[in-house]
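A quick write-up on the structure given underneath.
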Amino acid sequence: MVKAFLDKHGVPYDNIDVSEDSDAAKKMIEISGQRGVPVIVVDDEVIVGFDSTRLSELFNETAPVDIYDILIVGAGPAGLTAGVYCSRKMLNTLIISENIGGQALQSWAIENYMGYRMITGEDLMKKFEDQISTLNIRIELDRVVGISKEDGFFTVRTISENTLKAKALILTQGNRAKKLGVANEEQYLGRGLSICSTCDGPLYKGKKVAVVGGGNSALQTAVEMSEIAQSVQLIVRSTIKADPVYVKMLASKNNIIVHQNSHVTAIYGDKFLSAVSIMNESGEEQKIDLDGVFIEIGWQPNTDILDGFVALNEKKEIIIDVNCHTSMAGVFAAGDVTSVKGKQIIIAAGDGAKAALEAHEYLMKMESQ
Ligand SMILES: Cc1cc2nc3c(=O)[nH]c(=O)nc-3n(C[C@H](O)[C@H](O)[C@H](O)COP(=O)(O)OP(=O)(O)OC[C@H]3O[C@@H](n4cnc5c(N)ncnc54)[C@H](O)[C@@H]3O)c2cc1C
């Protein structure tokens with residue numbers, strides 16, 4: 001996200017991969033006081049994470065004030081595909097997203113996207129991005145904080161205090177990781193507690209880590225971390241519910257210790273996380289010394305920005321029909337943020353295309369009235 005932002009604004013930078021350079025990793029922890037990436041140093045200022053507001057302030061981003069035909073929220077597989085279809089229909093389109101690539105960026109091996117036997121999420125999303133960069137589409141890296149309809153136009157407000165208007169909307173803002181719900185959790189995020197093993201995993205080389213969760217993502221992370229870390233404790237609230245391929249991989253690793261029917265009750269540490277307590281179904285508690293914990297307990301849809309704007313189901317997903325229409329005329333949705341059960345790249349991309357075609361038809365009808 002940071003690299004995409006700096007490239008977009010023509011800002012030169014040095015990229016230091018702290019997973020490859022342990023001295024740089026130490027320096028990064030020292031100057032930022034935490035272990036998460038990215039850390040950006042602009043002159044003397046240290047910025048932790050992709051702080052789009054601060055970066056926009058530093059590099060003077062100005063937002064256009066046009067009325068777009070279509071505004072797409074999110075640039076994951078669904079949003080980027082919708083963008084390609086909108087551009088091919090010659091629609092004046094804006095994509096607003098916190099990053100380019102979405103959750104797919106976190107996958108280290110995608111084996112079910114047609115056309116590729118195996119590709120990393122980063123490589124696949126780079127191909128999506130390359131394709132969209134050749135088209136006439138504006139992409140703003142920003143966070144949407146509110147959506148409304150005013151004077152017949154959809155109005156989108158962002159955290160950078162931009163207000164953008166469009167005749168139709170496509171919502172593709174995906175999902176985000178669920179948290180553990182224990183005290184101190186926020187304090188240790190980036191200080192030993194991580195929701196992105198792909199981003200932070202290499203910083204735990206030779207360390208003792210835990211992975212919380214019992215689904216595909218948790219097992220995938222545990223297996224990946226078993227090759228980097230000294231030991232991995234897999235903490236599963238009930239029992240493992242993952243595809244046989246991951247269960248088999250887990251069984252082949254001798255440095256993964258599995259705790260089923262157990263949940264995290266407390267996090268300990270000073271500046272950095274140093275241990276967690278887990279409780280089993282009999283109520284017995286044990287404290288485990290750790291350097292890092294990766295949370296992999298599922299996802300929740302990014303629909304809190306909608307605040308009653310369109311109808312949601314009991315899981316807070318946007319309800320759509322088979323053609324990606326939401327409960328409000330002119331608003332379409334696609335991908336993981338919707339009520340469609342399959343949460344996969346190919347499904348998100350396919351529905352992104354459907355949403356764009358429907359939005360185009362909606363605009364054509366509007367114009368002919
Ligand atoms: C570790 C991991 C491994 C996976 N492996 C596979 C796999 O092998 N095969 C497969 O098919 N699928 C896999 N998936 C699932 C796949 O990544 C998702 O189904 C897919 O990315 C969903 O696409 P999407 O566009 O709907 O949403 P997302 O990918 O979630 O994209 C949503 C976009 O919206 C942006 N956004 C969110 N909220 C806001 C806001 N308020 N303002 C602005 N922007 C916002 C986000 O930054 C993001 O860019 C994996 C997922 C994970 C996490």
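The values are calculated or read from the model by the stated rules, or taken from the named source; none is laboratory data. Keep in mind that what you see is a predicted model, and the values were worked out from it rather than measured. All Cβ positions, even for glycine, are placed from backbone atoms using ideal geometry, and neighbour counts span all protein chains on display. These area figures cover heavy atoms from the full protein model, side chains too; ligands, DNA and RNA do not enter into them. Shrake-Rupley method; radii C 1.70, N 1.55, O 1.52, S 1.80 Å.
Which length gain, in nm to one decimal place, applies between His9 and Lys365 when the Cα-Cα distance is subtracted from 0.36 nm times their residue separation?
Details: separation 356, 0.36 × 356 = 128.16 nm, distance 3.71 nm.
Once the chain is fully extended between His9 and Lys365, it gains 124.4 nm.
So who's got an amide H within less than 5 Å of the one on Leu189, skipping anything under 5 residues away but keeping other chains? H placed 1.01 Å off N, in plane.
Under 5 Å from the amide H of Leu189 lies no amide H from a residue far enough along the sequence or on another chain.
Across segment 144-157, in residue order, what do the Karplus-derived ³J(HN,Hα) couplings come to in whole Hz, using 6.51 cos²θ - 1.76 cosθ + 1.60 with θ = phi - 60° and x for Gly and Pro?
Listing the rounded values in order: 6, 10, x, 9, 8, 10, 10, 6, x, 10, 7, 10, 10, 9 Hz.
Can you give me the long-range amide H partners of Glu140? Hydrogens built in the peptide plane at 1.01 Å from N, cutoff under 5 Å, separation of 5 or more residues or another chain.
Ile95, Ile96, Ser97
Roughly speaking, what is the centre-to-centre gap between segment 256-273 and segment 18-41 when only Cα atoms are used, to the nearest Å?
Each part's Cα centre sits 24 Å from the other's.
Could you grab the relative contact order for the chain? Cα pairs under 8 Å, six or more apart, rounded to a whole percent.
Working: 772 pairs, mean separation 65.0, N = 369.
After rounding, I find 18 percent.
What relative contact order, as a whole-number percentage, does segment 279-347 give when Cα pairs under 8 Å and 6 or more residues apart are counted? Provide the component values of the computation, followed by the final result.
On the way: 62 pairs, mean separation 14.4, N = 69.
Value for segment 279-347: 21 percent.
Under a GNM of the chain (C-alpha, springs under 10 Å), which listed residue has the highest mean-square fluctuation: Gly152, Gly335, Gly49?
So, out of Gly152, Gly335, Gly49, the one fluctuating most is Gly152.
Could you state the number of Å between the C-alpha centres of segment 122-199 and segment 311-369?
One Cα centre to the other: 17 Å.
Here is the link list: Lys127/Lys341; Lys179/Lys271; Lys207/Lys287; Lys149/Lys341. Which ones come out longer than 24 Å on Cα distance?
On the way: Lys127/Lys341 26 Å; Lys179/Lys271 20 Å; Lys207/Lys287 17 Å; Lys149/Lys341 28 Å.
Those over the limit are Lys127/Lys341; Lys149/Lys341.
Relative to the longest principal axis of the chain, what angle (0 to 90°, nearest 10) does the C-alpha long axis of helix 77-88 take?
Around 20 degrees separate the two axes.
Summing -39500 (n - 2.57) over the DSSP H runs of n ≥ 4 in the chain and dividing by its residue number, what mean residue ellipticity at 222 nm do you reach, to the nearest 500 deg cm²/dmol? Please list the in-between numbers first.
Numbers: 10 runs with 101 residues, N = 369.
Theoretical 222 nm ellipticity from helices: -8000 deg cm²/dmol.
Select from Gly214, Gly352, Gly308 the residue whose mean-square fluctuation is largest in a Gaussian network model of the chain (Cα-Cα springs shorter than 10 Å).
The residue that fluctuates most here is Gly308.
Which distance in nm do the two modelled labels at Gln187 and Thr134 give, with both placed 7 Å along the Cα-to-Cβ direction?
5.3 nm
Determine the gain in length on full extension of the stretch Glu111-Ser277; use 0.36 nm per residue of separation and subtract their C-alpha separation, reporting nm with one decimal. Spell out each step's value before the answer.
Numbers: separation 166, 0.36 × 166 = 59.76 nm, distance 3.60 nm.
Value of the extension gain: 56.2 nm.
Can you list the residues, at least 5 places off or on another chain, whose amide H is less than 5 Å from the amide H of Val211, using H built in the peptide plane?
Residues meeting the amide H criterion: Gln233, Leu234, Ile235, Phe294.
Taking the chain, how much of its Cα-Cα pair set, in percent, is spaced more than 36 angstrom apart? Don't jump to the answer; show the numbers that get you there.
Details: 17835 of 67896 pairs.
Of the Cα pairs, 26 percent sit more than 36 Å apart.
Quick one: what are the phi-derived ³J(HN,Hα) couplings along segment 355-361, Karplus 6.51/-1.76/1.60 with θ = phi - 60°, whole Hz, x for glycine and proline?
Couplings: 4, 5, 5, 5, 5, 4, 4 Hz.
Taking a ≥ b ≥ c as the square roots of the eigenvalues of the Cα gyration tensor of segment 2-58, is the shape rounded (a/c under 1.5), prolate (a/b larger than b/c) or oblate? Don't skip to the end; give the middle numbers.
Working: a/c = 2.17, a/b = 1.56, b/c = 1.39.
Prolate, since a/c reaches 1.5 and a/b exceeds b/c.
In segment 2-58, carbon and sulfur make up what percent of the accessible area (probe 1.4 Å)? If you can, show how the numbers build up before the last one.
On the way: 1580 of 3450 Å².
On segment 2-58, the fraction of accessible area on carbon and sulfur atoms equals 46 percent.
Suppose each label sits 7 Å from its Cα in the direction of the beta carbon; what would the Trp299-Asn313 distance come out to in nanometres?
1.4 nm
Give me a comma-separated list of calculated 3J(HN,Hα) values for segment 126-140, in order, Karplus coefficients 6.51, -1.76, 1.60 applied at θ = phi - 60°, integers in Hz, x for any Gly or Pro.
Going residue by residue, I get 5, 5, 4, 5, 4, 5, 6, 5, 7, 9, 8, 9, 8, 10, 10 Hz, with x marking Gly and Pro.
Between Val48 and Ile16, with labels modelled 7 Å along Cα→Cβ, what's the label distance in nm to one decimal, could you check?
With each label placed 7 Å out from Cα toward Cβ, I get 1.7 nm.
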